[in-house]
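Q: One structure coming up, written as structure tokens, with questions to follow.
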Amino acid sequence: MISVENFCDYNGKTVHLYTLKNDYLEAGVLDFGGILQRLIVNTPSGKKDIVCCLTDCEGYVKSNAHMGGTIGRVANRIANGTFTLNGTSYTLDKNAGNATLHGGFNPYDYRFFDAEVLDDTLRLSLFSPDGDQGFPANLQFAVEFKLDKNKLSIKFFGESDSDTLFNPTNHAYFNLNGEGSGNIYDTLVYLNADKVTLADDNLVVTGEVADVKGTPFDFTKPKTIAPDIFSDDWNVKSAGGFDHNFILNGNHVGTCVGNKTGITLDMYTDYPGVQFYCGNMMCNIDGKSFYDKQTAFCLEPQYFPNAINVDGFEKPILKANKPVTHYIDYVTTVK
């Protein structure tokens with residue numbers, strides 16, 4: 001079942017909240033930014049919203065946290081805001097120091113989408129013209145949200161008229177004890193990854209790959225986020241905590257468990273990597289609740305950051321007139 005209501009007015013337009021609901025889950029999605037505005041899990045002790053959210057579009061933009069947003073064309077950072085494709089160099093928006101982050105200025109999660117309800121699926125569409133944020137090609141982009149029992153599926157669709165880059169993701173912030181319930185240090189995390197890509201002190205991936213064994217990045221067996229988030233390891237300290245891309249061993253990203261609620265989140269994707277970010281830069285965000293540093297975590301499936309500029313990394317290239325899809329599945333259970 002999908003229902004729709006007015007959420008707010010922004011820049012002279014009405015923003016709509018679409019609610020997908022079944023016996024297990026309730027997902028709220030905005031046609032502004034393709035934002036996952038809530039994800040409510042039915043538990044024996046009542047309903048728990050496990051996604052942090054804001055109360056209006058101005059808040060989403062001003063927070064600059066990309067909270068719940070659909071990210072495109074390219075998630076994460078591109079070094080120096082430049083890349084070369086088919087022998088041509090392109091210059092992008094530099095919105096994170098000397099790098100491009102999550103597409104650049106006016107990112108997709110700050111834009112209005114066209115919405116269409118297709119039975120039990122919400123489809124949001126966006127046209128990104130040639131030269132948008134510096135990227136080549138006219139891009140037809142869409143994202144679909146669908147509930148299947150205890151699973152929320154997100155699918156991304158891209159088709160362009162010439163070669164371009166394409167690496168969308170979702171930037172939901174999770175707290176499995178319920179949004180607004182405090183820090184995430186006791187959240188139990190397993191990541192299906194033996195290696196991590198390292199970054200410089202500006203969080204730009206350099207191409208160096210490290211084994212996680214014997215390091216704070218080893219989540220190959222379930223462990224809590226603390227104490228390793230406070231490690232003296234340079235790679236952790238320079239990011240202010242965990243904010244790193246893990247190289248996945250397969251389609252199962254990992255499993256996270258809320259220590260108070262027993263809510264378990266399993267994630268699946270066809271992407272080769274996932275950014276594990278623990279809200280290190282969250283600061284005094286006033287939303288549905290008050291969100292401060294490390295009160296939520298993100299798992300953002302993706303091609304590796306800066307992949308277009310790093311030899312040996314799989315390239316996020318969308319070939320002309322060859323449509324592609326990517327998916328993220330969130331599966332919730334209660335233990």
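Any read-out appearing in this document is the output of simple, stated calculations on the displayed coordinates, not a laboratory observation. This one's a predicted model, so the numbers in the text were calculated from it and none came from an experiment. All Cβ positions, glycine included, derive from the backbone under ideal geometry; neighbour counts span all protein chains shown.
Q: What's the local net charge at Thr206, with K and R +1, D and E -1, over the other residues with C-beta under 12 Å away?
A: Spelling it out: positives minus negatives among the neighbours equals -3.
Q: Further question on the same structure: Beyond 14 Å, what share of the Cα-Cα pairs of the stretch 40-80 is found? Please give it as a whole percent.
A: 62
Q: Here is a further query. So what is Rg over Rh here for the stretch 1-53, counting just Cα atoms and using Kirkwood for Rh?
A: Rg/Rh: 1.04.
Q: Next question, about the same structure. Between Lys151 and Asp286, with labels modelled 7 Å along Cα→Cβ, what's the label distance in nm to one decimal, could you check?
A: 4.1
Q: Need the C-alpha centroid separation for the stretch 70-123 versus the stretch 1-53, integer Å.
A: The two parts, judged by their Cα centres, are 23 Å apart.
Q: With +1 on the Cβ of every Lys and Arg and -1 on the Cβ of every Asp and Glu, and nothing else charged, how large is the dipole of the chain about its Cα centre, in debye rounded to the nearest 20?
A: 480
Q: Return the FRET efficiency for the residue pair Thr333, Val209: r is the Cβ-Cβ distance, R0 is 51 Å, and the value is rounded to the nearest 0.05.
A: 0.95
Q: Sticking with this structure for a sec: Would you work out if the stretch 139-183 is rounded, prolate or oblate? Take a ≥ b ≥ c from the square roots of the eigenvalues of the alpha-carbon gyration tensor; rounded if a/c is under 1.5, else prolate when a/b is larger than b/c, oblate otherwise.
A: oblate
Q: Working only with C-alpha atoms, what are the Rg and Dmax values of the stretch 1-97, expressed in angstrom?
A: 17.6, 58
Q: Which of the peptides 196-204, 22-30 is most tightly packed, and how do the rest follow, going by the mean number of other Cβ atoms within 10 Å of each residue? Walk me through the intermediate numbers first.
A: Values: 196-204: 18.0, 22-30: 20.3.
The packing order, highest mean first, is 22-30, 196-204.
Q: Now a separate question. For the stretch 257-320, rounded, prolate or oblate, judged on the Cα gyration tensor with a ≥ b ≥ c (square roots of eigenvalues), a/c < 1.5 rounded, else prolate if a/b > b/c?
A: Numbers: a/c = 2.96, a/b = 1.84, b/c = 1.61.
Prolate shape, in that a/c is at least 1.5 and a/b is the bigger ratio.
Q: Another one. Normalized C-alpha radius of gyration of the stretch 2-334, against 2.2 N^0.38 Å?
A: Here the Cα radius of gyration is 0.93 times the empirical estimate.
Q: Here is a follow-up. Comparing Met267, Met67, Met281, which has the greatest mean-square fluctuation in the GNM of the chain with Cα pairs linked when under 10 Å apart?
A: Result for the chain, Cα springs under 10 Å: Met281 fluctuates most.
Q: Given only helices, namely DSSP H runs of n ≥ 4 each adding -39500 (n - 2.57), what is the per-residue ellipticity at 222 nm of the chain, to the nearest 500 deg cm²/dmol? Present the calculation step by step, with values, prior to reporting the outcome.
A: Values: 2 runs with 11 residues, N = 335.
When only DSSP H runs of four or more count, the value is -500 deg cm²/dmol.
Q: For the stretch 71-226, compute Rg over Rh where Rg is the Cα radius of gyration and Rh is the Kirkwood radius from the inverse mean 1/r over Cα pairs.
A: Here Rg/Rh amounts to 1.01.
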